[in-house]
1. For the charge dipole of region 2-147, defined by +1 on Lys and Arg C-beta atoms and -1 on Asp and Glu C-beta atoms about the Cα centroid, which residue among Trp90, Ala38, Trp71 has the Cα displaced farthest towards the positive pole?
2. Rounding to the nearest 20 debye, state how big the charge dipole of region 2-147 is about its Cα centre with +1 on each Lys and Arg Cβ and -1 on each Asp and Glu Cβ.
3. For the chain, what is the mean residue ellipticity at 222 nm derived from helices alone (per DSSP H run of n ≥ 4: -39500 (n - 2.57); sum divided by total residues; nearest 500 deg cm²/dmol)?
4. Please report, ordered by residue number, every helix of the chain (full DSSP H runs) that is 18 Å or longer along its axis going by C-alpha atoms and whose mean Kyte-Doolittle hydropathy reaches 0.5.
5. When the Cα centres of region 84-125 and region 1-59 are compared, how far apart do they sit, in Å?
6. Aspartates and glutamates within cross-link reach of Lys13: Cα-Cα under 18 Å, excluding same-chain residues under 8 positions apart?
7. Can you tell me how much longer the chain between Leu5 and Trp107 gets when fully stretched, taken as 0.36 nm per residue apart minus their C-alpha distance, in nm with one decimal?
8. Pop out the Kirkwood hydrodynamic radius of the chain from its pairwise C-alpha distances, inverse of mean 1/r, in Å to one decimal.
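Just so it is clear, none of the values below were taken in a lab; they were calculated from the coordinates. Everything numeric in this text was worked out from a predicted model, so none of it was measured. Neighbour counts are summed over all protein chains in view; Cβ atoms, including those assigned to glycine, are modelled from backbone coordinates with ideal geometry.
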Amino acid sequence: MTDLLFTAYPWIKALHIMAVIAWMAGLFYLPRLFVYHAEQVGLDGTTHALFQTMEMKLLRVIMNPAMIATWIFGILLVGIPGVVDWSLVWPWTKAAGVIAMTAFHMWLAGRRRGFARGENSLTGRQYRMMNEVPTLLMVLIVLSVVVKF
C-alpha cells in the first residue's frame, strides 16, 4: 500500500490542493452571503428563499464535498513515508489550523440552518468579522506547510 501511495503522491497532492481551493472559496463566500442576507434580505419573502437555496447549495454541493476531499487527500498524504515528520512543530500547527477550519465550517452550517428556520441573531457586521477567520487560518496553515516553522 505504501508503494502505491508513494507512486500516486503527485496526484494525491494535486487533488488535495484543488479540494482546498474549492473549500476555501466556499468558506470565503458563504459568510459574505450571510452579510447580504442579514442586511438586505431579512427572514421572509422570495429573496429570503432564494438566499436559502444559494446558501444550501454552496454548502452541500461545493463546501461539504471539498472539505471531505481535503481531509481524505490530506490523510493520504500523511500516510506517505517521508512527507511528514511529526517530531517538528509545523505538522501540529497545520493540523490545529485544519481542525479549526473544520469547526468554522460547521459553525457556518449551523448559521445556515438558523437562516432556514427564519432565525438569525448576528448582524452583517458580525458576519463580516467572522469572514476574516478563514483568512487567518489559511495564513497559519500555509506558513506551517511552506516555511515549516
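1. Sorting the options by dipole projection puts first Ala38.
2. Numbers: 11 positive and 7 negative charges, 52 e Å.
In debye, rounded to 20, region 2-147 gives about 240.
3. -24500 deg cm²/dmol
4. On the way: long enough: 9-36 (41 Å, 1.17); 64-78 (21 Å, 1.77); 90-116 (39 Å, 0.19); 133-147 (21 Å, 2.91).
Taking the DSSP H segments of the chain (at least 18 Å long, mean hydropathy at least 0.5), we get 9-36, 64-78, 133-147.
5. 12
6. Asp3, Asp85
7. Numbers: separation 102, 0.36 × 102 = 36.72 nm, distance 3.32 nm.
Result for the pair: 33.4 nm of gain on full extension.
8. Numbers: mean 1/r = 0.0601 Å⁻¹.
Its Kirkwood hydrodynamic radius stands at 16.6 Å.
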